[in-house]
Amino acid sequence: MPQLCWYFQLHQPYRLRDLSIFDLGSEPSYFGQVERDANREVFQKVAQKSYIPMLSLLYRLTQAVPEFVFAISGSGVFLEQAAEFAPEVIAWLKKLTTTGQMEWLSETYHHSLASLYSPAEFQRQVAAHAQKLDELFQVRPTVFRNTELVYSNDVAQLVAELGYQGMLTEAVDRYLNGQPKTTVYQDVSGQLKLLLKHAQLSDDIAFRFSERSWQWYPLTVDRYLEWLEVYPESEVINLFMDFETFGEHQWESTGIFDFFEKLIRRFVERDWNSYKTPSQLFASAKLGSLPTYNVPQPISWADVDRDLTAWVDNAFQRDCLRLVYELEPAILASRDAQLINDWRRLQTSDHFYYMCTKWSADGDVHAYFSPYESPYEAYRRFSIVLADVKRRLSLVT
Amino acid sequence: MNMPGGYDTVLMIGWEYPPHNSGGLGVACEGLTQALADHNTQVYFTLPYQHPTALGHMQVVPCIDPTWSNPAGGPPFSVYSSTLPLTRNQVDADELHALPQSELEQRVEMYAQVVAQQTQAVQPEVGVIHAHDWMSFPAAAQLKQATGKPVIAHIHSTEHDRIPNGLGSSYILQTEAAGMAMADKIIAVSYYTKKLLVDRYGINPEKIEVVHNGILPLDQHAVPPAQSQFAPGQPVIVFMGRLTQQKGGEFFVKLATQVLRQRPDALFVIAGQGDLYHELLFKTAYDKLSASVLFSGFLRDAQRDKLLNRADIFVMPSLSEPFGLVALEAAQRRTPVIVSKQAGVSEVLPSAISVDFWDVDKMTRTILELLSNKGYARQMVTNQLQEVSSVTWDQAADKVKRIYRQAFLGR
């Protein structure tokens, strides 16, 4: 009977407002609008449907089930928006932090792909995020999770250099070569411990839970426990998912909250089952004795191929990413805090995700998450903003 | 009072009219009929839908088949859109012959029937029939057969312009050819178009008169240049038109690449929509121009004014453009204009720089020269303004009246 490691991701991007060419040069805000701020609207809606009910449920469960522990990560842009649009969310997070049963993870402040494009910018964003967590919650995480669980041997090197003991990523069959995903791994250089997401069991909850065409619909706690208990005590099942799974992707009416609560209570009714946080698992794992996870090409937790093609695939995405990171030296040299902040918000991976033109099943998922009518519109707006950033840059340099 | 049955009374077969117009045809019909009214001409104007308001200068005759689903909202379908049943995707002309009558063909034919019926009351009154573009030709042919009155076929745009690779709809090509053969006189909107009608349709040049479109002077609703400031300090180069093969948007993107090498601060704006939109977006990204070539979407009214006012240079790289009113509108708003040699508008705007649509090198040199030599640009603007001021609908109506007279008198 296994150990369960839960990790929930909190993130909301700053979506672009409907900027037009006629706004160029009028010092426009790229993200918020005075009249009607879509970011505020989305955040408050999701807070009501998901963040607040799920955070309060997690709190209740920490009180009712002392063995229950889990990990959480929240991007800096999420925490900023929470503080502005729904401060109650921050209050709940503080309350949960004090229980000692919730472990915070580190990530990039701007939920960016900087690990792939600029090691220096990556380090700055990780430091900014760590500072934010320290300010808000007085915590200093020792475990890292990269944006969208993006991982490669090179990324591992970057993360190890920052002093983290381990990180989370996806179990990708083409790099596991038949090895189990239910154990602690180390990176190729032997410096970093790794936990790999159990995609099937995670996605049973995150994606398939309310899918009527699924053969196991409706999923019961009994059935799910059976699936978990196939694994022996020594193994760890990593259930990694968006926080919004609870209440937003799966609405309350699907029974997701009840399912989760029952599952958390019942799993540890048997003595041999246990909950673990990433750092607890890493504490008992010794570098050098762990199997190696060798990932030469970047992977992620997204889409069927678990690769980068959700963000870095078509010409829109590639050219926008190229421009954003080419601007880095000039932007930083400008010492214009507002410009630098805007530029960092443009690095948020969601902007590139919205430009994805892949079709089939992944396209549906992309369309669900996009605030724009099409990937073409996502690109069109982003390019107008890039032109304005370039223009502002030309004024300060 | 006009003499019943005289050439002072005309039955025009139209297809679109502002505000429900998809392009230049409606705008031209508006300018021309207003000027004809000023020349004491009574115009009956048919439309395949209910026009929303009464017009002071002419009488609109709605000609709607009861089976059409949207007679009140606008034309029953947009003839120049990409959703035509017959498109260049069907590449084999022989296959086209084998196709059952398309929906478009049926609609145009039905329009002919409805026009014949709905205009019966006014037919004795009119002296000439004036048909605008191919959609109206079957109707004009029926009326000619029924009444024996002379027909003037007015060519604003041909299938060869719209689909320059020669793979246009054979039905439309045939309708154009038959309409012009049937007509007593043909009006072409430019010498460029006249030559195309002679070369591609084999029309006798003596049958074709050229009447350039006019342009209305800027009115008090036009946005003043002072309210058109954006992207300060950057050279702004504008393309405005449907995003179709005809308009040459891809050459504009190529041009951007070349100009940006010398002027990295330049901003290229593509205004319009059309079936090449996604392709042009991809080309822009692929050519690494994402922060320099921007798409505004379709603009109308004030935003249109604003962009044409602000533009430092307007470029119209059309592969084939019968007239190209938008170039005059840009010139009128003090913007130096570069037009392709394959465009009729340069005949009335000789100061505009004319360049082969594919000659991106020359366009690049011209743009760099205009941007660096302000005196040159100013001189060009002055000359263009002078030329625009003499391009009037009054003049056009005058010529059209003479053509009515000739047709009426059988000369």
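Rule-based calculations on the coordinates, nothing more; no lab input. Since the structure is predicted, the reported quantities are computational estimates derived from the model, not experimental observations. Here the Cβ positions follow ideal geometry from the backbone for every residue, glycine too, while neighbour counts run over all protein chains shown.
Give me the inter-chain shielding for A:13-26: mean count of other chain Cβ atoms within 10 Å, whole number please. If you can, show how the numbers build up before the last one.
Working: counts 0, 0, 0, 0, 0, 0, 0, 6, 17, 11, 2, 10, 6, 4.
Mean number of neighbouring Cβ atoms from other chains: 4.
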**Prompt:** Put +1 on the Cβ of each Lys and Arg and -1 on the Cβ of each Asp and Glu in chain B; which of B:ILE64, B:LEU167, B:MET182 then has its Cα farthest toward the positive end of the dipole?
**Reply:** B:LEU167
**Message:** Step by step: find N for segment A:18-142, compute 2.2 N^0.38 Å, then divide the Cα radius of gyration by it. What's the final number?
**Reply:** 1.24
**Message:** Could you tell me which residue out of A:THR309, A:PHE282, B:ALA28 lies farthest along the dipole of the protein assembly as shown toward its positive end? Charges go on the beta carbon: Lys and Arg +1, Asp and Glu -1, centred on the Cα centre.
**Reply:** B:ALA28
**Asked** For chain A, modelled as a Gaussian network with Cα springs under 10 Å, which listed residue fluctuates most, A:SER213, A:SER118, A:SER279?
**Response** A:SER213
**Message:** How large is the Kirkwood hydrodynamic radius of the protein assembly as shown, counting all unique pairs of alpha carbons, in Å?
**Reply:** 30.7 Å
**Prompt:** If Lys and Arg each add +1 and Asp and Glu each add -1, what is the summed charge of the other residues whose beta carbon sits under 13 Å from the beta carbon of B:ILE215?
**Reply:** -4
**Request:** Of the options A:THR142, A:LEU195, A:VAL268, report the single residue whose Cα projects farthest towards the positive end of the charge dipole of segment A:3-283 (beta-carbon charges: Lys, Arg +1; Asp, Glu -1).
**Result:** A:VAL268
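What size of dipole, in debye to the nearest 20, comes out for the protein assembly as shown about its Cα centre when the only charges are +1 on Lys and Arg C-beta atoms and -1 on Asp and Glu C-beta atoms? Write out the running numbers ahead of the final one.
Values: 71 positive and 91 negative charges, 321 e Å.
In total the dipole reaches around 1540 debye.
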**Prompt:** In the Gaussian network model of chain A, springs joining C-alpha atoms below 10 Å, which of A:ILE21, A:ILE72, A:ILE264 carries the largest mean-square fluctuation?
**Reply:** A:ILE21
**Request:** Find how many whole Å separate the alpha carbon centroid of segment A:85-119 from the alpha carbon centroid of segment B:318-376.
**Result:** 56 Å
**Item:** Degrees, to the nearest 10: B:249-262 long Cα axis against longest axis of chain B
**Value:** 20 degrees
**Asked** Ranked highest first by average number of other Cβ atoms within 10 Å, how do A:102-115, A:76-89 line up?
**Response** A:102-115, A:76-89
**Asked** Taking a ≥ b ≥ c as the square roots of the eigenvalues of the Cα gyration tensor of segment A:3-283, is the shape rounded (a/c under 1.5), prolate (a/b larger than b/c) or oblate?
**Response** oblate
**Prompt:** Between segment B:258-303 and segment B:187-231, what's the alpha-carbon centroid distance in Å?
**Reply:** 25 Å
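Can you give the mean number of other chain Cβ atoms that lie within 10 Å of the Cβ atoms in peptide A:389-395?
On the way: counts 1, 6, 7, 0, 0, 4, 2.
Partner-chain Cβ atoms within 10 Å, mean over residues of A:389-395: 3.
Dipole size in debye (nearest 20) for segment A:315-396 around its Cα centre, Lys and Arg Cβ +1, Asp and Glu Cβ -1? Can you show the working numbers first?
Values: 11 positive and 11 negative charges, 63 e Å.
For segment A:315-396, the charge dipole is close to 300 debye.
Going by the alpha-carbon gyration tensor, a ≥ b ≥ c the square roots of its eigenvalues, is segment B:225-389 rounded (a/c under 1.5) or, if a/c is not under 1.5, prolate (a/b greater than b/c) versus oblate? Display every interim value, and only then the final one.
Working: a/c = 1.30, a/b = 1.20, b/c = 1.09.
Since a/c stays below 1.5, the shape of segment B:225-389 is classed as rounded.
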**Fill in**
Distance in Å, no decimals, from the C-alpha centre of segment B:33-64 to the one of segment A:372-397 is 45 Å
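Between B:ARG402 and B:ALA121, how high is the FRET efficiency from 1/(1 + (r/R0)^6) when r is the Cβ-Cβ distance and R₀ = 30 Å? Nearest 0.05. Walk me through the intermediate numbers first.
Working: r = 28 Å, r/R0 = 0.93.
E between B:ARG402 and B:ALA121, to the nearest 0.05, is 0.60.
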**Message:** Can you show me the helix-derived [θ] at 222 nm for chain B, built from DSSP H runs with n ≥ 4 at -39,500 (n - 2.57) apiece and divided by the number of residues, rounded to the nearest 500.
**Reply:** -12000 deg cm²/dmol
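Only helical DSSP H runs with n ≥ 4 go in: add -39500 (n - 2.57) per run for chain A, normalise by residue count and round the 222 nm mean residue ellipticity to 500 deg cm²/dmol.
Values: 18 runs with 180 residues, N = 397.
Computed mean residue ellipticity for chain A: -13500 deg cm²/dmol.
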**Message:** Going by average Cβ density within 10 Å per residue, which order do the peptides B:38-45, B:204-211, B:238-245, B:168-175 take, highest to lowest?
**Reply:** B:238-245, B:168-175, B:38-45, B:204-211
**Request:** Assign unit charges at the C-beta atoms only (+1 for Lys and Arg, -1 for Asp and Glu), then state the dipole size of chain B relative to its Cα centre in Debye, rounded to the nearest 20.
**Result:** 940 debye
**Request:** Compare A:GLY32, A:GLY247, A:GLY166 in a GNM of chain A, Cα atoms joined below 10 Å, and give the one with the largest fluctuation.
**Result:** A:GLY32
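Would you mind checking A:LYS94/A:LYS193; B:LYS247/B:LYS401; A:LYS94/A:LYS276; B:LYS144/B:LYS401; B:LYS149/B:LYS195; A:LYS390/B:LYS283 for any pair whose Cα atoms are more than 23 angstrom apart? Please report the intermediate quantities before stating the final value.
Details: A:LYS94/A:LYS193 28 Å; B:LYS247/B:LYS401 32 Å; A:LYS94/A:LYS276 20 Å; B:LYS144/B:LYS401 19 Å; B:LYS149/B:LYS195 27 Å; A:LYS390/B:LYS283 20 Å.
In this structure, A:LYS94/A:LYS193; B:LYS247/B:LYS401; B:LYS149/B:LYS195 exceed 23 Å between Cα atoms.
When you look at the Cβ of every residue in B:279-291, what mean number of other chain Cβ atoms sits within 10 Å?
Values: counts 0, 0, 8, 7, 1, 6, 12, 5, 2, 6, 3, 16, 16.
So the per-residue partner count for this stretch is 6.
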